[in-house]
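The values are calculated or read from the model by the stated rules, or taken from the named source; none is laboratory data. Since the structure is predicted, the reported quantities are computational estimates derived from the model, not experimental observations. For neighbour counting, all protein chains shown are included, and Cβ atoms are generated from backbone atoms with ideal geometry for every residue, glycine included.
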Amino acid sequence: MTVLELRTTGMAVGGEAVAREPSGRVVFVSGAGPDETVLVELVDERKSFARGLVVGVVERSPDRVQPPCPHVEDGCGGCDWQHLAIAAQRRLRLQQVAEVLQRTGGIANPEVRAGVELPAERLRTTVRGTTDLEGHFAFRRRRSHDPVAVDSCLIAHPLVEEIVANGWFGQAEEVTIRVGARTGERLVVVSPKATGVRVPAGVTVVGTDELGKGHRAWFHEEVAGRTWRVSAGSFFQASPEGAEALVTEVDAFIQRFAPDGARLVDLCSGVGLFAGTVGAGRSVVGVERSASAVADARHNLADTDARFVKVALGRWRPGPADIVVADPARSGLAAEGIRAVVATGADLCVLVSCDPAALGRDAGLLADAGYVHVGSTVLDLFGHTGQIEVVSGFVKESTSAKLSS
Ligand SMILES: C[S@@+](CC[C@H](N)C(=O)[O-])C[C@H]1O[C@@H](n2cnc3c(N)ncnc32)[C@H](O)[C@@H]1O
């Protein structure tokens with residue numbers, strides 16, 4: 001076991017601190033903050049970099065706090081920033097977004113601001129874990145597949161936590177707990193089979209084997225004055241408060257830069273969140289590759305004229321639009337998504353990113369395609385973790401010139 005004393009110099013995208021060995025090799029350190037001296041056990045050594053875990057603190061960062069959840073000490077890998085004060089987490093997210101926009105996106109002095117502050121705790125309506133040998137819910141240990149059994153979860157909504165604490169899942173390999181915080185509906189998806197699973201009364205349980213045979217299961221959530229059906233296989237945001245914060249920030253860019261845009265494309269539309277909110281009163285096309293999400297979106301917005309196309313981004317044939325709202329998966333829009341945005345001719349693209357590295361790359365591609373970055377808003381959707389959610393606005397160069405003249 002190699003243990004080194006290292007000085008961290010900053011935080012990397014993804015949440016680890018960055019340090020250098022005397023040889024110059026970079027070490028990504030889990031459990032450290034910026035600017036502190038720590039003892040690091042190396043757990044993964046490569047030629048050009050290594051990864052390690054903090055096993056002792058020599059000189060602490062002023063940002064360091066005692067993790068509020070007892071399971072961090074047990075090795076639970078669910079939250080990687082519990083050792084950092086909430087204010088520091090918020091500051092670091094802003095810094096990281098500004099850095100990627102500058103370094104990767106090539107945007108000089110990007111405007112980056114914090115959105116509405118959301119609580120870090122008791123908010124998350126979806127958690128994914130595994131089981132311990134006795135069938136209790138467990139998260140994975142940091143940098144390992146081993147289970148760490150937990151009887152509570154600080155970041156989970158109480159309706160989720162009750163299932164974490166009291167459920168029994170046999171030999172399940174994966175357990176996903178999803179709840180509608182405002183409807184009280186709860187769904188547990190168990191892989192590979194749900195046989196014998198015990199959960200509190202009223203919770204729907206389904207096995208991935210049943211879903212694979214066409215069985216349908218869903219819960220409902222209330223967000224922005226609408227009720228949303230969310231099927232077991234469909235994405236939904238991490239909390240209703242988070243979903244509303246995203247809608248507010250997306251709408252803020254639309255109101256500022258394209259309030260009269262009559263045609264809106266919702267790229268990677270999921271169950272229709274943006275189509276059904278910022279799309280209201282506009283002609284809307286949603287583009288989504290998940291069959292269950294498209295079915296949910298059509299059901300959720302049956303009272304509107306919104307149209308949903310079940311197709312992967314790269315195969316979609318774009319039509320003209322004034323506004324594109326794009327909320328892709330972690331991998332971002334990439335070249336094929338940017339091509340789709342450009343082909344619509346939209347004056348405004350509002351990009352929702354859940355991975356800053358992908359945001360930096362997409363911002364650079366949009367700039368190459370003639371879109372000017374007009375601001376990014378960072379939201380705390382994933383408190384106590386290094387995961388970052390960002391809403392960014394990009395305005396077509398000709399439109400931006402008109403706006404500033
Ligand atoms: C982060 S979710 C956002 C969903 C929705 N905008 C929301 O806020 O609830 C990303 C969505 O993109 C979809 N998706 C991922 N890759 C895609 C692709 N290549 N083409 C179309 N949709 C894709 C996923 O199925 C998922 O529903």
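Hey, which of the strands (runs of 3 or more DSSP E) in segment 131-203, taking only ones fully inside, have at least 3 residues that are among the small types (G, A, S)?
none
Looking at A329, A321, A343, which one is in contact with a strand residue (DSSP E or B) (Cβ under 7 Å, 6 or more places away or on another chain) and either within 11 Å of the ligand (Cβ to nearest atom) or farther than 16 Å from V372 by Cβ (or both)?
A321
For G15, only one of the following conditions fails: (1) surrounded by fewer than 19 Cβ atoms within 10 Å (Cβ to Cβ); (2) touching a residue at least 60 places away in the same chain (Cβ under 8 Å). What is its number?
With (1) surrounded by fewer than 19 Cβ atoms within 10 Å (Cβ to Cβ); (2) touching a residue at least 60 places away in the same chain (Cβ under 8 Å) applied to G15, the lone miss is (1).
Could you tell me whether segment 366-373 includes any residue that is of a type outside the set (F, W, Y) and part of a strand (DSSP E or B)? Let's see the steps before the verdict.
Filtering segment 366-373 down to residues of a type outside the set (F, W, Y) leaves 366-370, 372-373.
From what's left, part of a strand (DSSP E or B): 372-373.
Checked against the condition, which is being of a type outside the set (F, W, Y) and part of a strand (DSSP E or B), segment 366-373 yields at least one hit.
Can you say whether V148 is closer than 12 Å to V127 by Cα and either modelled with pLDDT of 95 or more or not polar (S, T, N, Q) (or both), as far as the supplied structure shows? Let's see the steps before the verdict.
Numbers: closer than 12 Å to V127 by Cα: no; either modelled with pLDDT of 95 or more or not polar (S, T, N, Q) (or both): yes.
Judged against the criteria, V148 is not a match.
Determine the pairs where a residue that is closer than 15 Å to E288 by Cβ, located within segment 318-339, has a partner that is away from the ligand (no atom under 13 Å from the Cβ) and assigned to a loop (DSSP other than H, G, I, E, B) with Cβ atoms under 7 Å apart, the partner being 6 or more residues away or on another chain.
These pairs meet every condition: V324/A346.
Out of all the residues in segment 89-111, which are free of Cβ contacts under 8 Å to residues at least 60 places away in the same chain and either in the same structural domain as L154 (by TED's automatic domain parsing) or more than 15 Å from A12 (Cα to Cα) (or both)?
Within segment 89-111, A108, N109 meet the criteria.
Report, by residue number, each residue of segment 142-178 that is of a type in the set (S, T, N, Q) and more than 18 Å from T208 (Cβ to Cβ). Break it down into steps so the answer makes sense when it comes.
Initial filter on segment 142-178 (of a type in the set (S, T, N, Q)): 144, 152, 166, 171, 176.
Correct list: S144, S152, N166.
When A245 is evaluated against the numbered criteria (1) touching a strand residue (DSSP E or B) at 6+ places or on another chain (Cβ under 7 Å); (2) surrounded by fewer than 21 Cβ atoms within 10 Å (Cβ to Cβ), which criterion, by number, is the only one it fails?
(2)
Anything in segment 278-291 that is crowded, with 22+ Cβ neighbours inside 10 Å and within 10 Å of the ligand (Cβ to nearest atom)? List them, or say none.
Selection gives G286, V287, E288.
Table: residues versus (1) within 28 Å of A114 (Cα to Cα); (2) within 15 Å of the ligand (Cβ to nearest atom); (3) of a type in the set (D, E, K, R); (4) buried (at least 20 other Cβ atoms within 10 Å of the Cβ).
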position: Q171; (1), (2), (3), (4): no, no, no, no
position: I177; (1), (2), (3), (4): no, no, no, yes
position: V189; (1), (2), (3), (4): no, no, no, yes
position: T195; (1), (2), (3), (4): no, no, no, no
position: E210; (1), (2), (3), (4): no, no, yes, no
position: A238; (1), (2), (3), (4): yes, yes, no, yes
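Looking at segment 346-372 only, could you name the residues that are out of contact with any Gly (no Cβ under 7 Å at 6 or more places or on another chain), away from the ligand (no atom under 16 Å from the Cβ) and of a type outside the set (D, E, K, R)?
Scanning segment 346-372 gives A346, L366, A369, G370, Y371, V372.
Tell me which strands (runs of 3 or more DSSP E) are completely within segment 1-118 and hold 3 or more residues being of a type outside the set (A, V, I, L, M), or say none if there are none.
Correct list: 3-11, 37-45, 49-59.
Within segment 240-255, is there a residue that is modelled with pLDDT of 95 or more, among the small types (G, A, S), away from the ligand (no atom under 14 Å from the Cβ) and out of contact with any Asp or Glu (no Cβ under 6 Å at 6 or more places or on another chain)?
Yes; the residues of segment 240-255 include at least one that is modelled with pLDDT of 95 or more, among the small types (G, A, S), away from the ligand (no atom under 14 Å from the Cβ) and out of contact with any Asp or Glu (no Cβ under 6 Å at 6 or more places or on another chain).
Considering each of G56, G52 in turn, give the residue that is more than 23 Å from A120 (Cα to Cα) and surrounded by fewer than 16 Cβ atoms within 10 Å (Cβ to Cβ).
G56
Of (1) touching a residue at least 12 places away in the same chain (Cβ under 8 Å); (2) more than 20 Å from R7 (Cβ to Cβ); (3) surrounded by 19 or more Cβ atoms within 10 Å (Cβ to Cβ), V72 satisfies all except one. Which?
Checking V72 against (1) touching a residue at least 12 places away in the same chain (Cβ under 8 Å); (2) more than 20 Å from R7 (Cβ to Cβ); (3) surrounded by 19 or more Cβ atoms within 10 Å (Cβ to Cβ), the one that fails is (1).
A262 passes all but one of (1) under 28 Å from Q387 (Cα atoms); (2) away from the ligand (no atom under 13 Å from the Cβ); which number fails?
Among (1) under 28 Å from Q387 (Cα atoms); (2) away from the ligand (no atom under 13 Å from the Cβ), A262 violates only (1).
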